[in-house]
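Read-outs: derived from the displayed coordinates by stated rules, not from any lab. For clarity, every value in this text was computed on a predicted model and none was experimentally measured. Heads up, the Cβs are rebuilt from the backbone with ideal geometry, glycines too, and the neighbour counts pull from every protein chain shown.
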Amino acid sequence: MIDRDSFTIIFHADSGIRQATPRLRTLPRRFVLLLALASLFAGLHLVPATALAEPARLTVLFTSDLHSYLSPHREMASDGSVREVGGYARLAGAIDEERSRSGGEALVVDAGDFTQGTLYHTLLQEEAFELRLMGAMGYDAATFGNHDFDFRPSGAAAMLRAARAKAATLPRLLISNLHFSESDPADDALERAFRDYPVRGYTVVERAGVRIGIFSVLGRDAAEDASFARPVTFTDQVEAARKTVKMLKEREKVDLIVCLSHSGTNPEPRHSEDEKLAALAPGIDLIVSGHTHTVLHSPIMVGRTAIVSAGSYGAWLGVLDLMVEKGRDVQVAGYRLRKIDASTPEEPEIARMIDGFRSIVEERYLAHFGYRFDQVLARQPFDGQSIDEAYANPGETGRGNLVTDAYRFAVERAEGGRRHIDVAVDVLGCIRASLYRGDIRVSDVFQTASLGPVQYGYCGNTIIVLYLTGRDLKNLLEVHTSIAPSKKDALLSVSGIRFRHNPRRMIFDRVTSVEVEGADKRFRPVERERLYSVAINAYLASLIDLVGKKSHGILKITPRDETGNPVNAKDEPRLTVTRNGEPLREWVALAEYLSSFPEKDGIATVPERYARPEGRIVAEASWNPVALVAGGNWLTIAAAALFVAAVMVVILLTRRVVARRDHALSEKQ
């Protein structure tokens, strides 16, 4: 639900709050009959002919997970070449072309996570560049993704206020399964901003004579990732969808129902939330899917529902042609993903706006840290692994090694060598972009480590140092082997530590050996009760309690301070690494590390060792019985005992059956 007090008002598709209609005086019956007939003929005159006579062709243009990628960015193509793609000016040019092709009647929508990913989002609260541009580009509707709450409810509220103050045209914002807290005032400002913008549960628009109902939901996995949204919560997306579909059909009498779902699809059906949504909430004609950054080159059909997805970062524009006819199933008449690259013409006004926004970012954000937008920090003589490749081939990555090495380097440098940092940890989901051959600029570095709310006046994840026992450190590493297989953005990158795991062992007990690098650069086996210093970004630290929940309490991790006392979120300020009073931010740590490399031809050059994995995380799959149980925790021992007991029962039962058979045979003789 959207609003605890005025849900029916916020949920309605109208642009304003309805006023009560005064009751008419009693009129003569003949006059009332004439008035009714006149209204009927007037209503028939206003109904589009296409809605009554013949099928209407509707074009839907869609994106998702734009993540503030206002400017073009580099990506690796399937042939290994690196090219420049995306950019809002090109995307706007493509939208204009496709809208013209459809006769100006296209519907333009986005499935969420329109913020968080580049330097442009650093001024989200003050400028709301993303929503202003989407309004100028002609987006009809958009929804929220989990990252759109990364600046907490107060930040999302500020974004909505800034957008209203600075732009006359904005996209409709929708979400039907968001719930405001009834007891915690931390989301009150966002609740007011929702009313003022307004953000609604659904909207109804007309295109090409088609009455279209549009609503949105945020899925379960995205809700788990939206830790900064608290105390805002999200109700079950299927139940919300069912209620909204019923309302759109019965109250609004729509011809077509479109769901903007920030839930995602997955090759494994049991993890494919939008396929489940289509199956469990019948009546949705089209699901525009976001969150998983999936590129679908053909729609997924679940019953009568088409599911489409156009990847991320504005590299693709989805183009879907539908045939809509009253009383009949909606038909897909055409589908393609249009690549947004150098061949796509830019829309001049959008390009001009982005140039202005870049100057504002340099002046009001980067200047504070002493950097410029396009400042070259280092040169890389190789192409790093792409994000898509990292997800497709889970494991250690050179880019992850680079980022976590940067944590340890920058922390020790900021603290003047006061203490040795034993370990640094990050996850794939926090490493947001790839670094390719050639110059690495400040904007590239920020995109690689772009997450983090506003803290101490500026946004960006800060780095904290907490302490874990060797036992808890092993439990943390189990995330890579037992949780990440079903949630790949939890795949670990590490520095100062190396470990081996057997993916065939009992879940939550797959790490078989752990070694930690000492100050003397020598690796030694981890000691279960010893405290180890761990550099980690504040966002990831806030999710450590999820490890226990995901493992049903089996993997217990207790973060501690330098003296061994347990710590929680309230202790974050004293655990944060600072230099001259300024918190060390994740992207700044990476920028400093890149700049520290030895120079070649007058510029710092990234060492070749970061081109590939170097054995920090090693998988050793084995069915050897000793390898399956050696050093196992209580879960493995219990499973092994049950297995042995089951074998013994089978043996005893077999012996009993054989004995009875032999006895029966002897009696017959």
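Things to note:
- Structural descriptor for the stretch 510-647: relative contact order 9 percent, calculated from alpha carbon pairs under 8 angstrom and at least 6 residues apart.
- Among the GluC sites (Glu not before Pro) in the stretch 134-229, those located in a DSSP loop and surrounded by at most 15 other Cβ atoms within 10 Å of their own Cβ are 182.
- With neighbour counts taken as other beta-carbon atoms within 10 Å, the residues 129, 151 rank, fewest first, as 151, 129.
- With N counted as the residues of the stretch 433-473, its alpha-carbon radius of gyration over 2.2 N^0.38 Å works out to 1.66.
- Of the trypsin sites (Lys or Arg not before Pro) found in the stretch 267-336, those that fall in a DSSP loop while having at most 10 other beta-carbon atoms within 10 Å are 328.
- P(r) histogram, all alpha-carbon pairs of the stretch 374-619 included - 10 Å bins from 0, percent: 7, 33, 38, 19, 3, 0
- Amide H partners (placed H, <5 Å) of residue 335, local residues excluded: 321
- Computed from backbone phi, the HN-Hα couplings of the stretch 494-510 come to 9, 9, x, 8, 9, 8, 10, 8, 10, x, 9, 6, 4, 4, 6, 8, 9 Hz, rounded to whole numbers (Karplus: 6.51 cos²θ - 1.76 cosθ + 1.60, θ = phi - 60°; Gly and Pro given as x).
- Residue order, fewest to most surrounding Cβ atoms within 10 angstrom, among 227, 312, 298: 298, 227, 312
- Prolate/oblate/rounded label for the stretch 502-587 (Cα gyration tensor, a/c 1.5): oblate
- Projected over every direction and averaged, the convex hull enclosing the alpha-carbon atoms of the stretch 432-505 yields 7.5 nm².
- Here 623, 587, 316 are placed in order of increasing Cβ neighbour count within 10 Å, fewest first, which gives 623, 587, 316.
- FRET efficiency, 1/(1 + (r/R0)^6) with R0 51 Å, evaluated for residue 376 and residue 545 via beta carbons: 0.80
- Length-normalised contact order of the chain in % [C-alpha pairs under 8 Å, at least 6 apart]: 13
- Between amide H atoms placed 1.01 Å from N, distances below 5 Å from residue 311 occur with 294, 295, 296, all of them 5 or more places distant or on a separate chain.
- Computed from backbone phi, the HN-Hα couplings of the stretch 187-203 come to 10, 5, 5, 5, 4, 5, 5, 4, 5, 6, 4, x, 9, 10, x, 7, 9 Hz, rounded to whole numbers (Karplus: 6.51 cos²θ - 1.76 cosθ + 1.60, θ = phi - 60°; Gly and Pro given as x).
- 222 nm mean residue ellipticity, helices alone, for the chain (DSSP H n ≥ 4; -39,500 (n - 2.57); rounded to 500): -10000 deg cm²/dmol
- In the stretch 480-530, GluC sites (Glu not before Pro) in a DSSP loop with at most 12 other beta-carbon atoms within 10 Å: 529
- The H on the amide N of residue 341, modeled in the peptide plane, is under 5 Å from the matching H of 86, each at least 5 residues off or on a different chain.
- Degrees, to the nearest 10: 88-101 long Cα axis against longest axis of the chain: 40
- J(HN,Hα) series, the stretch 235-252, from Karplus relation 6.51 cos²θ - 1.76 cosθ + 1.60, nearest Hz, glycine and proline x: 7, 4, 5, 5, 4, 4, 5, 4, 5, 6, 4, 4, 5, 5, 6, 8, 8, 8
- Its relative contact order, with pairs defined as Cα atoms under 8 Å and 6+ residues apart, puts the stretch 374-619 at 32 percent.
- Stretching residue 325 away from residue 249 to a fully extended chain increases their span by 25.9 nm, per 0.36 nm per residue minus the current alpha-carbon distance.
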